[in-house]
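Colleague: Below is the structure I would like to discuss, written out as structure tokens.
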Amino acid sequence: MDEYKGKTLSWRLCDSIVELVLDRPPANEIGLAMLEDLESFVSSLPALESKAGALILYSAQKAGFSAGADLRELYDQAKTMDAPSAAKGVRAFLERIHAVLYRVDVSPLTTIAAVHGVCFGGGFELALTCDLIIADKLARFCFPELRLGLIPGFGPGKPEFV
């Protein structure tokens, strides 16, 4: 598939370059919908890699590249569950995002994150999987989870099944 339009992102192959565009208002928070779209992307990567030499990842949102994990969505889901189920759900989410970031990280394509505005938490980790980060002068990078005593957790960790 050389072109795809999902709920939160799109990609296309043009002149041997894959353009992956994050587009989830307001700031490309990574929740379940974006995770599903990212999983669709990495499942198409083998075919794209045979036709392309580079991947450029950027945002269509004015706010910036990505504000990281959609903590509101994760919290809303977790509060409807008992603690063991919530922990299991968060673990499953993290394993899935690790697999996605790992796959981008090991791609033979030259990967470039074009960053503007906010690039926080999991969005920063996504950018760090790329070979190069090109940032405009207003780009801001941080791991806000560190203020909460949390370790950045998106990866790219090598998935157990690889």
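Colleague: Mind telling me which of 43, 85, 66 comes out most flexible in a GNM of the chain, alpha-carbon contacts under 10 Å?
Modeller: 85
Colleague: So what's region 64-119 giving for Cα Rg divided by 2.2 N^0.38 Å, two decimals?
Modeller: Numbers: Rg = 14.9 Å, N = 56, 2.2 N^0.38 = 10.2 Å.
Against the empirical 2.2 N^0.38 Å value, I get 1.46 for region 64-119.
Colleague: Further question on the same structure: Percent of accessible area on region 5-102 owned by carbon and sulfur, 1.4 Å probe?
Modeller: Working: 2730 of 4810 Å².
Carbon and sulfur atoms account for 57 percent of the accessible area of region 5-102.
Colleague: Could you point to the residue in 69, 20, 40 farthest towards the positive end of the chain's charge dipole, with +1 and -1 charges on the Cβ of Lys/Arg and Asp/Glu respectively?
Modeller: Comparing the listed Cα positions along the dipole, 69 ranks first.
Colleague: Write down the accessible area per residue of the chain in Å², having rolled a 1.4 Å probe over the full set of protein chains. Intermediate results must be reported in sequence, preceding the final value.
Modeller: Values: 8680 Å² over 162 residues.
Computed with neighbouring chains in place, this is 54 Å² per residue.
Colleague: Net charge within 15 Å of residue 13 by Cβ-Cβ distance, Lys/Arg positive one each and Asp/Glu negative one each, not counting residue 13 itself? If you can, show how the numbers build up before the last one.
Modeller: On the way: positive: 5, 12, 51; negative: 2, 3, 15, 19, 49.
Surrounding charge for residue 13 is -2.
Colleague: Moving on. Alpha carbons only, please: Rg and Dmax for the chain, in angstrom.
Modeller: Considering the chain through its Cα atoms, Rg and Dmax are 15.4, 50 Å.
Colleague: Quick one: which residues, 5+ away or cross-chain, put their amide H under 5 Å from the amide H of residue 111? H built at 1.01 Å from N.
Modeller: Those qualifying (amide H under 5 Å, at least 5 residues apart or on another chain) are 55, 131, 132.
Colleague: I've got another one for you. For a quick check: with amide H placed at 1.01 Å from N, whose amide H comes under 5 Å from residue 140's, ignoring anything fewer than 5 positions away on the same chain?
Modeller: So residue 140 has HN proximity to 117, 118, 119.
Colleague: Continuing with the same structure: From the phi of every residue in region 113-122, what ³J(HN,Hα) in whole Hz does the Karplus formula 6.51 cos²θ - 1.76 cosθ + 1.60 yield, where θ is phi - 60° and glycine or proline is x?
Modeller: Taking θ as phi minus 60°, the curve returns 9, 9, 10, 9, x, 6, 9, 10, x, x Hz for region 113-122.
Colleague: Once phi is turned into θ = phi - 60°, what whole-Hz ³J(HN,Hα) does the Karplus curve with 6.51, -1.76 and 1.60 give for every residue of region 88-105, x standing for Gly and Pro?
Modeller: Running phi through 6.51 cos²θ - 1.76 cosθ + 1.60 with θ = phi - 60° gives 5, x, 5, 4, 4, 4, 5, 5, 5, 5, 4, 4, 5, 5, 4, 5, 5, 4 Hz.
Colleague: Once you keep just the Cα pairs under 8 angstrom separated by 6 or more residues, what percentage relative contact order results for the chain? Don't skip to the end; give the middle numbers.
Modeller: Details: 309 pairs, mean separation 36.0, N = 162.
Taking the mean separation of contacting Cα pairs over the length of the chain, I get 22 percent.
Colleague: By how many nm would the segment from residue 94 to residue 75 grow when fully extended, if each residue of separation counts as 0.36 nm and the alpha-carbon distance is taken off? Mind showing how you got there, number by number?
Modeller: Details: separation 19, 0.36 × 19 = 6.84 nm, distance 1.42 nm.
Contour length minus Cα-Cα distance gives 5.4 nm.
Colleague: What nm distance separates the two modelled labels at residue 105 and residue 132, each placed 7 Å from Cα along Cα→Cβ?
Modeller: My value for the distance between the label points is 2.2 nm.
Colleague: So what's the gap between the Cα centers of region 95-122 and region 34-88, to the nearest angstrom?
Modeller: Cα centres, region 95-122 to region 34-88: 10 Å.
The values are calculated or read from the model by the stated rules, or taken from the named source; none is laboratory data. The model shown is predicted, which means the values in this text are computed figures rather than measured ones. Cβ coordinates were reconstructed from backbone atoms using ideal geometry, including for glycine residues, and neighbour counts include every protein chain displayed. Please note that ligands, DNA and RNA were not included when accessible areas were found on the heavy atoms of the full protein model with its side chains. Shrake-Rupley method; radii C 1.70, N 1.55, O 1.52, S 1.80 Å.
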